[in-house]
1. Out of LEU36, LEU40, LEU56, report the one residue that is in a helix (DSSP H, G or I), modelled with pLDDT of 80 or more and either among the acidic types (Asp, Glu) or within 15 Å of the chain's Cα centre (by Cα) (or both).
2. Output the number of residues of segment 2-27 satisfying the condition of being modelled with pLDDT of 80 or more and not aliphatic (A, V, I, L, M).
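The values are calculated or read from the model by the stated rules, or taken from the named source; none is laboratory data. What you see is a predicted model; the values in this text were computed from it and never measured.
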Amino acid sequence: MEKREEINQEEARVNHWPWKDLVGFILCIALTAFSLTAVLYSSYQPTYVFMILTGLAFTQAMIQLVKLQPGH
(Lines give C-alpha, C1' and ligand atoms only; values in the text may rest on other atoms or scores of the structure.)
Protein backbone atom coordinates (compact mmCIF):
# COMPACT_ATOMS: atom_id res chain seq x y z
CA MET A 1 0.00 0.00 0.00
CA GLU A 2 2.83 2.37 0.87
CA LYS A 3 4.57 1.62 -2.42
CA ARG A 4 1.38 2.49 -4.34
CA GLU A 5 1.14 5.88 -2.58
CA GLU A 6 4.75 6.66 -3.47
CA ILE A 7 4.10 5.80 -7.10
CA ASN A 8 0.95 7.98 -7.19
CA GLN A 9 2.83 10.91 -5.64
CA GLU A 10 5.66 10.49 -8.14
CA GLU A 11 3.21 10.40 -11.06
CA ALA A 12 1.47 13.54 -9.80
CA ARG A 13 4.80 15.33 -9.53
CA VAL A 14 5.93 14.27 -13.01
CA ASN A 15 2.58 15.09 -14.67
CA HIS A 16 2.40 18.55 -13.10
CA TRP A 17 2.98 21.28 -15.70
CA PRO A 18 5.34 24.03 -14.46
CA TRP A 19 3.01 26.98 -15.15
CA LYS A 20 5.00 29.42 -13.02
CA ASP A 21 8.16 28.63 -14.98
CA LEU A 22 6.34 29.10 -18.27
CA VAL A 23 4.86 32.43 -17.19
CA GLY A 24 8.27 33.60 -15.94
CA PHE A 25 9.89 32.59 -19.23
CA ILE A 26 7.25 34.40 -21.28
CA LEU A 27 7.63 37.53 -19.13
CA CYS A 28 11.39 37.49 -19.63
CA ILE A 29 11.00 37.13 -23.41
CA ALA A 30 8.45 39.97 -23.47
CA LEU A 31 10.72 42.22 -21.41
CA THR A 32 13.65 41.47 -23.70
CA ALA A 33 11.55 42.22 -26.80
CA PHE A 34 10.36 45.48 -25.22
CA SER A 35 13.97 46.42 -24.42
CA LEU A 36 15.10 45.74 -27.98
CA THR A 37 12.20 47.77 -29.36
CA ALA A 38 13.03 50.64 -27.02
CA VAL A 39 16.63 50.72 -28.20
CA LEU A 40 15.93 50.37 -31.91
CA TYR A 41 12.94 52.65 -32.33
CA SER A 42 13.02 55.24 -29.59
CA SER A 43 13.75 58.89 -30.14
CA TYR A 44 14.49 59.46 -26.47
CA GLN A 45 17.86 60.45 -25.19
CA PRO A 46 20.19 57.51 -24.46
CA THR A 47 20.09 58.30 -20.73
CA TYR A 48 16.34 57.63 -20.55
CA VAL A 49 16.62 54.47 -22.62
CA PHE A 50 19.42 53.26 -20.33
CA MET A 51 17.26 53.92 -17.26
CA ILE A 52 14.37 51.95 -18.80
CA LEU A 53 16.66 49.08 -19.74
CA THR A 54 18.10 49.01 -16.23
CA GLY A 55 14.60 48.75 -14.77
CA LEU A 56 13.64 45.97 -17.17
CA ALA A 57 16.87 44.07 -16.44
CA PHE A 58 16.18 44.36 -12.71
CA THR A 59 12.65 43.04 -13.26
CA GLN A 60 14.01 40.08 -15.20
CA ALA A 61 16.50 39.34 -12.43
CA MET A 62 13.68 39.36 -9.85
CA ILE A 63 11.62 36.96 -11.99
CA GLN A 64 14.58 34.60 -12.22
CA LEU A 65 15.19 34.79 -8.47
CA VAL A 66 11.57 33.97 -7.74
CA LYS A 67 11.82 30.95 -10.01
CA LEU A 68 14.88 29.73 -8.07
CA GLN A 69 13.08 29.80 -4.71
CA PRO A 70 12.60 26.35 -3.17
CA GLY A 71 9.10 25.03 -3.63
CA HIS A 72 8.39 26.90 -6.87
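1. LEU56 is the lone residue from the list that is in a helix (DSSP H, G or I), modelled with pLDDT of 80 or more and either among the acidic types (Asp, Glu) or within 15 Å of the chain's Cα centre (by Cα) (or both).
2. Qualifying residue count, segment 2-27: 1.
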